[in-house]
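Below: one structure, written as structure tokens.
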Amino acid sequence: MELKAAPVWEKVPPRLDRLVELAYNLWWSWHPEARVLFKMLDYPLWKETGHNPVKMLLAISPERLQAVARDPAFLKQYDAVVMSFETEMANGHLWFPMRYPGLMHYPIAYFSAEFGIHQSLPIYSGGLGILSGDHSKEASDLGLPFVGVGFMYPQGYFRQRIPPHGWQEAIYEQINPAEVPVRPITGPDGEPLVISVQMDDHPVYVEVWRVQVGRVNLYLMDTDIEQNAPWDRELSARLYGGDQEMRIKQEIILGIGGVRVLRALEIHPAAWHLNEGHSAFLVLERIRELVQAGLSFEEAADQVRATTIFTTHTPVPAGHDVFPFHLMEKYFWHYWGEMGLDRDRFMALGAYDQGWGVGFNMTALALRYSGWRNGVSRLHGEVSRRMWQPVWPELERAEDVPITSITNGVHLPTWVAGAMDRLYDRYLGSDWLEHHDDPLFWERVQEIPDEALWEVHLYLKRKLMAFIRERARRKRIRGEMNPEQVLAAGTFLDPEALTIGFARRFATYKRATLIFHDIERLKRILNDPYRPVQIIFAGKAHPADDPGKHLIQYIYNLTKDPSFGGRIAFLEDYDMHMAHYLVQGVDVWLNNPRPPREASGTSGMKASINGVPNLSILDGWWAEGYNGANGWAFGRNREHESPEAQDAADAQALYRVLEEEVVPLFYQRDADGVPRAWIRVMKEAIRSTMPIFSTRRMVKEYTERMYVPAIRNAIALREAAERVLTVPPG
Ligand SMILES: *Cc1c(COP(=O)(O)O)cnc(C)c1O
């Protein structure tokens, strides 16, 4: 397949002819030397474009390009980056091809409704998307034959603005595809490749964009094209926008359209991974294909199961899509016949009693037609087995429910601060990244001198404070903030004070306001003249989630309350970029969801690998990550009479840990002003999380436990099919 002609790049001098390719491959985003290259190209423009090399190349003047093409320092950097890019793309000694040399031609297709690769491509909303992005990057680093399938949302996810009254506003900005690292896919005739999906009584047409993530391609579907009616063009406009009917249509495109895109691209996946239930209709499409090829429904379903992996991501009931049967009927009446089913048998595929009624449940569908099923932490695996036991009515014990767990991780090159990376280079060796999933290797964290680690941490903390002030200054200059908002944005924060970070989606179960349970006690903690404490909040509420928006408003109003002395800040518009500053620059990372609602959580892992210890309730990953010495835990999974009683008990526990452990330890300094005991916790955080809670460990685990067995099944099925074709009957 050829790519449609990109914008005109004639202004790029021949000496720099690989620059365009580097800009279009998000590989640059996790390779420091490539980021340095784009900074050298034009630093003001780099900042102005929000670190977006494609937009930079469009805007940069030909004179500037000519100038750097003659600059020896730039050329040296350029040649080094091109060399390391080529070496990695050539796939010499990566893990997967070394370990499974025979399996490189059996693609693994990974379906996800969102991909968070970099903030310049805003097609993610939160944890799920960033996990997909991190998974894709790691698949590239390990050399997996991996393709992603998702959506191009022309309006992306929203940007958050907090006006003076604190009620979050959502701003949707149209993404200009020419300015982001996506390129349209064209067919053999040079025209855009278009596939179609029948939607009720008419077809919807889908075009496809390609995003390069190192060695991995992502294919993003887009319905905003001329052939479609205006309302169908809106289908892929926004992430998680619209009502249930919009949602079923989006999921039909993701699951069914996604399979058709791969077929049109002549990509033949051997293993199919459904990242969350949004894409579960793909099992229907694959069964339909096989039934059309002559198999019975049961044979087809067995084959699909043998090659399908499903990951569930939340124990929160509202997080699972359920469609009423009348909607299913409206969109699938023409479809079930092609699967060899009648209406009732078709509806039974996803039928599930939620407790408030029976509907077509996407998670139940995915669980029934996947051969491998997992939750995303050990605890979430357990919770999921209990939660979904009714899918296996014949099983009496929850322990026997066939849902396992693979704990999430974070992509280290994406989330380790540049300054920490250099520290690890210096004390652990410049090849530390290659050993990073070896627990023994991290025993060596003790070799990093306390002073060196502390100095880097203080540098990252100052960077965070400077980032906060700079943003406020720019918004103030543009007339977007009144003085009170400038204060709320954290400009009074003290670089010396113990700084707590809390940033995540504002879903109510995350209990962002728990720490305000006893306001007077909190004020005493924050305003201690000798040992001051401050808290930085950030996060978006889903545009339809009014209770979530109320929590933001509540906190926002407190940031303006003089009695808190400017020690609480709310940063608007949390995204990946801000997340980097926060998880790398605060002293401690707070997390207090209502257990057991947090399936895993990943921001705490990002903090921990940067030496920022967690102060977290024992839920999600922390239930297995906490070891008594690498941070603090509270709120053991006890039963409570009511949610209010639980909030009260958890808040008391949180205050106690803060007052008796966290604050005293942070302020306990030696003669040089270095908090030795605190640094012990920092080092233990690094030692214990690095090798385990990284996508390296996670993707290897998916590969060994699920992808490879699925691929072997696919190979056996293909061979069996060929034997049927070549052996004459009788
Ligand atoms: C990591 C991250 C998340 C997910 O954090 P959780 O701890 O899982 O809630 C959400 N949003 C952004 C921008 C992130 O970087």
Which of GLU520, GLU86 is most accessible, then next, and so on - probe 1.4 Å: GLU520, GLU86
message: Once each part is reduced to its C-alpha centroid, what is the distance from the stretch 610-647 to the stretch 299-357 in angstrom?
response: 35 Å
query: How do HIS273, HIS326, HIS93, HIS202 stack up against each other in accessible area, from largest to smallest, with a 1.4 angstrom probe?
result: HIS93, HIS326, HIS202, HIS273
message: Distance cut-off 19 Å, Cα to Cα: go down the list LYS76/LYS463; LYS39/LYS463; LYS523/LYS560; LYS463/LYS606; LYS249/LYS510 and report the pairs above it.
response: LYS76/LYS463; LYS249/LYS510
- prompt: What is the distance, in nm, between label points placed 7 Å from the Cα along the Cα-to-Cβ direction at TRP333 and at VAL674?
  reply: 7.5 nm
message: Could you order the peptides 152-159, 640-647, 482-489 from most to least packed, using the average number of other C-beta atoms within 10 Å per residue?
response: 152-159, 482-489, 640-647
query: Considering only protein heavy atoms, what per residue accessible area in square angstrom results for the chain with a 1.4 angstrom probe?
result: 39 Å²
message: On the principal axes of its Cα set, how long, how wide and how thick is the stretch 399-508? Give whole Å, largest value first.
response: 53, 47, 24
message: If you split all Cα-Cα distances of the stretch 142-228 into 5 Å bins from zero, what percentages do you get per bin, shortest first?
response: 3, 12, 16, 19, 16, 13, 9, 6, 4, 2, 0, 0
- prompt: Full extension from SER296 to VAL316: what is 0.36 nm times the residue separation minus their Cα-Cα distance, to one decimal in nm?
  reply: 3.6 nm
query: Once the Cβ-Cβ distance between ALA649 and ILE171 is put in as r, and R0 is 60 Å, what FRET efficiency do you end up with, to the nearest 0.05?
result: 0.95
message: If you average the C-alpha positions of the stretch 64-127 and of the stretch 424-488 separately, how far apart do those two centres end up, in angstrom?
response: 24 Å
- request: Calculate the all-directions average of the projected area of the stretch 2-89's alpha-carbon convex hull, and give it in nm².
  value: 5.7 nm²
statement: For TRP356 and LYS523, extending 7 Å from Cα along the Cα-Cβ vector and measuring point to point gives, in nm, a value of 3.9 nm
query: Could the peptides 312-325, 431-444, 713-726 be put in order, highest first, of the mean number of other beta-carbon atoms found within 10 Å of their residues?
result: 312-325, 431-444, 713-726
- line: If amide H atoms are modeled at 1.01 Å from N in the peptide plane, then the residues at a separation of 5 or more from VAL204, or on another chain, having amide H under 5 Å from its own are VAL197, GLN198, MET199
statement: Sorting TRP622, TRP9 on solvent-accessible surface, 1.4 Å probe, most exposed first, gives TRP9, TRP622
- line: Looking only at aspartates and glutamates whose Cα falls under 12 Å of LYS11's and that sit 8 or more positions away or on another chain, we get GLU63
message: Sort 375-381, 57-63 by the packing proxy (mean of other Cβ within 10 Å over each peptide's residues), most packed first.
response: 375-381, 57-63
message: Given contacts defined as C-alpha pairs under 8 Å and at least six residues apart, what's the relative contact order of the stretch 344-426, whole-number percent?
response: 23 percent
message: Within the chain, what whole-number % of the accessible surface is contributed by carbon and sulfur, with the 1.4 Å probe and all protein chains included in the calculation?
response: 52 percent
task: Only helical DSSP H runs with n ≥ 4 go in: add -39500 (n - 2.57) per run for the chain, normalise by residue count and round the 222 nm mean residue ellipticity to 500 deg cm²/dmol.
output: -12000 deg cm²/dmol
- prompt: With every protein chain present, what accessible area does HIS577 have (1.4 Å probe, heavy atoms only), rounded to the nearest 10 Å²?
  reply: 50 Å²
message: Net charge around PRO449, counting only other residues with Cβ within less than 12 Å of its Cβ (Lys, Arg = +1; Asp, Glu = -1)?
response: -2
- prompt: What percentage of all Cα-Cα pairs in the chain are separated by more than 49 Å?
  reply: 15 percent
task: Taking 7 Å along the Cα-to-C-beta vector as the label spot, tell me the LYS475-LYS39 distance in nanometres, rounded to one decimal.
output: 2.5 nm
- prompt: So which of LYS549/LYS683; LYS55/LYS475; LYS47/LYS700 end up more than 27 Å apart by C-alpha?
  reply: LYS549/LYS683; LYS47/LYS700
query: In the calculated pair distance distribution of the stretch 665-708, what percentage of Cα-Cα distances lie above 16 Å?
result: 56 percent
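The values are calculated or read from the model by the stated rules, or taken from the named source; none is laboratory data. Note that the structure is predicted; figures quoted are calculated from it, not measured. Glycine gets a Cβ as well: all are built from the backbone with ideal geometry, and neighbour counts include every protein chain shown. The protein model used for the area step is the full one, side chains on, heavy atoms only, and it has no ligands, DNA or RNA in it. Shrake-Rupley method; radii C 1.70, N 1.55, O 1.52, S 1.80 Å.
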